[in-house]
Amino acid sequence: MSELIIGSHVSFGKDKQLLGSLEEALSYGANAFMIYTGAPQNTRRSDINDELTKKAIDKMKEEGIEPTNVVVHAPYIINLANNLKKDSYRFAIDFLKQEIERAEKLGIDKIVLHPGSHVALTKEEGLKNIIDALNEVLRVDGKAKILLETMSGKGTEIGAKFEEIKAIIDGVEKDHLLGVCLDTCHINDAGYEVKYFDKVLDEFDKIIGLDRLMCIHVNDSKNELGAAKDRHENFGFGNLGFKTLIDVLYNDRIMDVPKILETPYVTEDDESKARVYPPYKFEIEMIRSKKFDEDLIKKIREYYKGGM
Ligand code: FE
Ligand code: FE
Ligand code: ZN
């Protein structure tokens with residue numbers, strides 16, 4: 001049996017870039033990681049420094065981290081589904097083209113993308129806009145794939161049904177450059193029962209094809225099945241629970257797919273949010289031990305308060 005490929009979202013700072021992201025991932029005991037090439041909520045991006053990239057790639061080799069287990073996430077303000085504001089639609093397309101170039105410069109071949117929200121348009125119009133945009137964005141000689149993320153269906157989000165993801169793939173000419181990122185919190189909130197994960201995979205396989213599944217976001221959910229809300233919870237502490245999520249991670253049909261945690265940072269006891277701590281080192285340890293630790297959140301607070 002192959003080894004678990006597990007990591008988390010890590011930061012990508014302008015000073016150390018990919019090298020800093022790698023160091024953060026290693027400090028969590030991860031063998032995979034995901035970055036936004038700048039802040040997730042804006043589109044300001046600095047130039048990629050090839051020297052830092054080379055150092056990072058060399059270090060990945062030393063540490064046994066496969067570049068194929070590193071993923072970029074496009075900023076979530078990019079909306080390809082709505083073209084009512086021509087300028088924003090054009091901006092989103094151009095930004096995504098540049099994001100592909102940035103990922104390729106970083107030696108990364110996977111870019112997770114939220115399909116988009118149709119807002120005042122119909123879902124069909126939204127789907128068409130996404131397809132048109134991807135047809136323009138994807139190059140024949142492209143190396144990086146766009147992974148369409150399964151969404152919770154909050155607001156007018158497209159991608160809460162596997163059929164919608166499939167419709168996008170069907171409309172795109174260079175569909176060999178498309179994959180899917182399945183988010184366990186999102187599919188729960190969209191009404192798929194993660195508890196019966198093999199059934200979910202069967203359905204995914206029937207509608208989209210399991211060979212398209214190239215990344216899994218392993219998040220617990222604060223919401224009930226079908227809530228269409230999208231609020232992530234720490235691993236094992238939400239409505240999905242520890243056993244269900246462990247079964248996802250160790251499902252032998254998807255062992256070679258990188259698994260990424262996007263669980264929330266832990267806040268102070270008093271919820272003052274004065275300081276927040278990354279949970280990933282602890283969650284990854286707990287995942288590897290396969291034993292739920294109900295005191296994990298407390299331990300994370302103690303570790304970061306005492307040690308840093
Ligand atoms: Fe996402
Ligand atoms: Fe996600
Ligand atoms: Zn989410």
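The values are calculated or read from the model by the stated rules, or taken from the named source; none is laboratory data. Please read these numbers as outputs of a predicted model, since none were measured by experiment. So basically every Cβ, Gly included, is an ideal-geometry build from the backbone, and we count neighbours across all protein chains shown. Remember, those area values only see protein heavy atoms, side chains included, never the ligands or the DNA or RNA. Shrake-Rupley method; radii C 1.70, N 1.55, O 1.52, S 1.80 Å.
Straightening the chain between ALA228 and ASP170 buys 18.4 nm, computed as 0.36 nm per residue apart minus the Cα-Cα spacing. Computed on segment 6-305, with alpha-carbon pairs under 8 angstrom and 6+ residues apart, the relative contact order is 15 percent. Per residue, the chain exposes 45 Å² of solvent-accessible protein surface, assessed with a 1.4 angstrom probe and all protein chains in place.
Take every Cα pair under 8 Å whose residues are at least 6 apart in sequence, average their separation, divide by the length of segment 109-208, and the relative contact order is 30 percent. Can you list which of the DSSP-assigned H helices in the chain have a Cα extent of 18 Å or more along the long axis and an average Kyte-Doolittle score of at least -0.5? The answer, listed by residue number, is 123-137. Relative to the compact globular guide of 2.2 N^0.38 Å, what is the alpha carbon radius of gyration of segment 1-143, as a ratio? This ratio for segment 1-143 stands at 1.13. For segment 33-43, putting each phi into the Karplus relation 6.51 cos²θ - 1.76 cosθ + 1.60 with θ = phi - 60° gives couplings of 6, 10, 10, 9, 6, x, 5, x, 9, 9, 10 Hz, in residue order, rounded to whole numbers and with x for Gly and Pro. Available extension along the chain between GLU124 and LEU210 is 28.5 nm, counting 0.36 nm per residue and deducting the alpha carbon span. When cysteine pairs in the chain are screened for C-beta atoms closer than 4.7 angstrom, the residues that find no partner are CYS185.
For segment 6-305, the share of DSSP beta bridges that are antiparallel, to the nearest 5, is 15%. Taking other residues whose beta carbon is less than 10 angstrom from the beta carbon of VAL140, and scoring Lys, Arg as +1 and Asp, Glu as -1, yields 0.
Modelled spin labels at ASP58 and ASN42, positioned 7 Å past Cα toward Cβ, are 3.3 nm from each other.
Take the solvent-accessible surface of the protein heavy atoms, probe 1.4 Å, and return the percent of it on the chain that carbon and sulfur atoms account for. For the chain, the apolar C and S fraction of the accessible surface comes to 49 percent.
Looking only at segment 74-217, where both bridge partners belong to it, what percent of the DSSP beta bridges are antiparallel (to the nearest 5)? Intermediate results must be reported in sequence, preceding the final value.
Working: 1 of 13 bridges.
Here the share of antiparallel DSSP bridges comes out near 10 percent.
The stretch between LYS14 and LYS85, if pulled fully straight at 0.36 nm per residue, gains 22.5 nm over its current Cα-Cα span.
Where Rh is the Kirkwood radius over the Cα pairs of the chain, the temperature 10 °C and the viscosity 1.306 mPa s, what D in µm²/s does Stokes-Einstein return? Working shown, then result.
Values: Rh = 19.7 Å.
For these conditions, the coefficient is 80 µm²/s.
Once the Cβ-Cβ distance of GLU51 and ASP94 is raised to the sixth power relative to R0 = 25 Å, the FRET efficiency obtained is 0.40.
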